[in-house]
Amino acid sequence: MALNILGLDVQKTEDLVNDLNVLLANFQVYYQNLRGIHWNIKGKGFFELHTKFEELYNDSQIKIDEIAERVLTLGGEPLHTFEDYIANAKVPVGKHISKDEKAVALIVSSISELLKLERTLLDKAGDANDEGTNAMMSDLISEQEKTVWMMNAWLGK
C-alpha cells in the first residue's frame with residue numbers, strides 16, 4: 001500500500017478527493033440557491049428570512065473554502081467552474097423562488113442532499129484513517145442536522 005506525505009493510502013485519498021470535489025460542487029449550487037432566495041424573497045416574513053438566508057450563504061461561503069482547502073491538503077485540485085458544479089450537482093437548483101415556504105423547503109431538500117454526500121465521506125474517511133476529513137464531515141453533519149430541524153420547525157413539521 002502506497003502512502004502519501006500525510007501517511008494516508010494514496011488510492012483511498014484520491015477517492016476522498018473526488019468525493020470532496022462532488023461535495024464542493026454541491027455546496028456551490030446550495031450557495032447560489034441561498035443567494036437567489038435571499039435576493040428574491042417576498043412577503044410578511046421578508047425581514048426575518050432575508051437576514052437568515054444571508055447568514056446561511058455567508059456560512060456556506062466559509063464551508064466552501066474549507067472544503068476546497070481540504071481537497072488541496074489531500075493533494076487534489078478543487079473544482080472551480082460552473083460546468084463542473086452543474087455536472088456534479090445533486091442539490092436541486094432553485095429558480096424563481098420568492099415564496100417563504102418554498103424557499104425554506106429548498107434549503108431543507110438541499111441540506112438533505114449535502115448530508116447524504118457528507119455521510120458517505122464520513123464513512124470513507126474513517127476507512128482511510130483520514131481524521132481531518134472525518135472531523136470536517138462530523139462537524140458539517142452535526143450543524144446541518146440542526147439547521148434542518150430548525151427549518152422544519154419553521155415549516156410546522
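Between GLU66 and ALA2, the distance separating the two model label sites (each 7 Å from Cα on the Cα→Cβ line) works out to 3.1 nm. Tilt of helix 46-73 relative to the longest C-alpha principal axis of the chain, in degrees (0 to 90, nearest 10)? Roughly 10 degrees, rounded to the nearest 10. Quick one: if the Förster radius is 41 Å, what FRET efficiency do LYS42 and THR120 give, using the C-beta to C-beta distance and rounding to 0.05? Efficiency, rounded to the nearest 0.05: 0.65. Between helix 100-127 and the chain there is an angle of about 10 degrees, using the helix long axis and the longest principal axis of the Cα atoms. With each label modelled as a point 7 angstrom along the Cα→C-beta vector, the MET150-HIS96 pair spans 3.1 nm.
Relative to its Kirkwood radius, the Cα radius of gyration of the chain gives an Rg/Rh of 1.02.
Listed by chain and number, the lysines placed with their C-alpha closer than 26 angstrom to that of LYS42 are LYS52, LYS95, LYS99, LYS102, LYS146, LYS157; residues fewer than eight positions away on the same chain are left out.
Net charge within 12 Å of HIS96 by Cβ-Cβ distance, Lys/Arg positive one each and Asp/Glu negative one each, not counting HIS96 itself? Its environment carries a net charge of +4.
Explain nothing, just the number: relative contact order of region 40-157, from Cα pairs under 8 Å at least 6 residues apart, as a whole percent. Relative contact order for region 40-157 comes out at 25 percent. Helix 131-155 and the long axis of the chain differ in direction by around 20°, with both axes built from C-alpha atoms. Each of HIS50 and ALA135 was given a label point 7 Å from its Cα along the Cα-to-Cβ line. The distance between the two points is 3.9 nm. A helix-only calculation puts the chain at -26500 deg cm²/dmol for mean residue ellipticity at 222 nm, using -39500 (n - 2.57) for each DSSP H run of at least four residues, averaged over all residues.
Within the listed set LEU106, LEU49, LEU114, the Gaussian network model of the chain (springs between alpha-carbon atoms below 10 Å) gives the highest mean-square fluctuation for LEU49.
Coordinate-derived values only; no laboratory data. Here the structure is a predicted model, which means the values were calculated and not measured. Positions of Cβ are backbone-derived with ideal geometry, glycine not excepted, and every protein chain shown enters the neighbour counts.
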